[in-house]
Every structure is written in C-alpha cells, then in structure tokens.
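Notes follow the structure.
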Amino acid sequence: METQNSKPTTNNQQPTPKIIGITGGIGSGKSTVSKYIEELGFPVYNSDYWAKELVNFDESLKFKIINLLGENSYDENGTYNRAYVASIIFENEDLLHELNKIIHPAVREHFENWVKAQHSEFVFKETALLFELKLNEQCYQSILVTADDNIRIKRVMDRDKKTYREIEAIMQKQMSEKDKIKKADFIIENNSDLETLKSYAKQVISELQNMNL
C-alpha cells in the first residue's frame, strides 16, 4: 500500500474532516468496503446513491435534464426514467457528457454541504469516477478496491443478471485497472472472501490514522 499525498488542514475551531476517496470498477466490491467502513463508525458519502436521489428531488436539476433529454426522461409520476435515459446516452458520448455536466456539479455541491455537517477526523467519499473526474485531487488519500476481471464479471452476472457481453461493454467504458492502480494511494485487492476484505479495509483505516496528514 503506497501513500503519496500529504496535504495541509485548515486552522478552524472545528477541524475540517479529511476526505478519503473510495473507488473501484463495476463488481470490485467498493460498496462492500464502504459499508464496512461505515460500520467502523466513519461517515461515508455514496455519490451514486445521492445522484439518484437528486435527479428525483432537485427541481432545478429535473428542469435541466428535461431540457436536455426531453419529457420522456421522467415518467408520469415525475420519477427519473433511468432505463430510457440509459438507452439514449449509452452509445452517445456527447449526450452523456452533457448529462454529466448537469448532474456532477449538483452532487459536488451536495457533498460539500454534507462534509460541513460531519464531525469526524475522516469522511469517505465513494464514487466510481474518482479518477475520471479528478475528484482524487480534492481528497487527502484515495482507496482503490480492485479484483480480477473474471471475478468482477461473475459477481455482476450473479448480482444484476446481466450477460457477460453487457458487463464487458460497461468495463470497457471505465478507466483501466492499470491506470487506476497508478493513481491510487491505497489498493485493496478483493479476490477472496468477505473477512479477508474487511481485514484489508481495517488495515487501511489503521494506516490512515497513523499518518501525519
């Protein structure tokens, strides 16, 4: 496990929590690591969860999405039509880019407000796009959860009932594991069982607590 960054804290009365990024490709187990870290008592912000919440309840966000993708992007109940949106953006990089330009700033603002409400030495931000969006630059340290491709594919096939080709197509659109490994401060390999994964996660937490960040 390598450490690269040592970043200054602000001298406020209430110390600013240190943001630790958690990421990993589809099927890597990053959400499992996040849940365990939460069980250990640390606040964890799930970017994917909050993105799904905000597109349903942030009216200004809904307005912008409808302007971009049309009325069909929400159903008759005003709920975000995830299947429809996925069908039109998956092969359209320009539309995907424009949609991300709408959603990501809203999630970033929500996260920043969330951090201000926390009273912990560390807060963790789980996001699949930590390196792609350069969000690691806002973190004190980053954790990559990784696993062999065949293991990741089997997990997603079992979990989501997707085909091998569907999962492979998703993985090809994500940053390669090799590139993520180069950028990560800590690497947790998740090729074994849950107890081993928890042991690795606990070791990372211990190292973070012993670092002079």
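The values are calculated or read from the model by the stated rules, or taken from the named source; none is laboratory data. A quick note: this is a predicted structure, and the numbers were derived from the prediction, not measured. Reconstructed Cβ throughout: ideal geometry from the backbone, glycine too, with neighbour counts over all protein chains shown. Accessible surface is based on the protein model in full, side chains and every heavy atom, while ligands, DNA and RNA are left aside. Shrake-Rupley method; radii C 1.70, N 1.55, O 1.52, S 1.80 Å.
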| Once you put a point 7 Å from the Cα of residue 181 and another 7 Å from the Cα of residue 86, both along the Cβ direction, what distance in nm separates them? | 2.9 nm
| Once the Cα atoms of helix 47-57 and of the chain are each reduced to a long axis, what angle between those two axes, in degrees from 0 to 90 to the nearest 10, is obtained? | 40 degrees
| Gaussian network model of the chain, Cα springs within a sub-10 Å range: biggest mean-square fluctuation belongs to which of 38, 98, 126? | 98
| For the stretch 121-135, what does the Karplus curve 6.51 cos²θ - 1.76 cosθ + 1.60, with θ = phi - 60°, yield as ³J(HN,Hα) per residue in whole Hz, taken in order and with x for Gly and Pro? | 4, 10, 10, 10, 10, 8, 8, 5, 10, 4, 8, 4, 9, 6, 6
| request: List, in order, the whole-Hz ³J(HN,Hα) value for each residue of the stretch 159-170 obtained from phi through the Karplus relation with A = 6.51, B = -1.76, C = 1.60 and θ = phi - 60°; use x for Gly and Pro. | output: 7, 9, 6, 8, 7, 4, 5, 4, 5, 4, 5, 5
| field | Residue order for 135, 130 - accessible surface, 1.4 angstrom probe, largest first | value | 135, 130
| note | The percentage of the accessible area of the stretch 28-90 (probe 1.4 Å, all protein chains present) made up of carbon and sulfur atoms, to the nearest whole number, is 51 percent
| message | About the Cα centre, and with charges only on the beta carbon of Lys, Arg (+1) and Asp, Glu (-1), how big is the dipole of the chain? Nearest 20 debye, please. | response | 320 debye
| message | List the residues, sorted by chain then number, that are 5 or more residues from residue 141 or on another chain and whose placed amide H is less than 5 Å from its amide H. | response | 21
| Stokes-Einstein D for the stretch 54-213 at 20 °C, 1.002 mPa s, Kirkwood Rh over Cα pairs, in µm²/s? | 116 µm²/s
| request: Could you state how much accessible area residue 133 has, in square angstrom rounded to the nearest 10, with a 1.4 Å probe and all protein chains kept in place? | output: 70 Å²
| message | As a test of understanding, state the convex hull volume per residue of the stretch 109-166 from its alpha carbons, in Å³. | response | 141 Å³
| field | Folded to 0 to 90 degrees: helix 194-210 orientation relative to the chain principal axis, Cα | value | 60 degrees
| query | Counting only the heavy atoms of the protein chains, how much of residue 202 is accessible to a 1.4 Å probe, in Å² to the nearest 10? | reply | 120 Å²
| message | Using each residue's phi in the stretch 63-80, evaluate 6.51 cos²θ - 1.76 cosθ + 1.60 at θ = phi - 60° and report the 3J(HN,Hα) Karplus result to the nearest Hz, with x for Gly and Pro. | response | 4, 5, 5, 5, 4, 7, 10, x, 4, 5, 6, 10, 7, 5, 8, x, 8, 4
| remark: Here the gain from full extension of residue 101 to residue 160, 0.36 nm per residue of separation minus their alpha-carbon distance, amounts to 18.5 nm
| Accessible-area value, residue 157, 1.4 Å probe, nucleic acids and ligands omitted, Å² | 70 Å²
| message | Defining a contact as two alpha carbons under 8 Å apart and six or more residues distant in sequence, what relative contact order in percent does the chain show? | response | 38 percent
| task | Over the alpha-carbon set of the stretch 84-131, divide Rg by the Kirkwood Rh and report the Rg/Rh ratio to two decimals. | result | 1.12
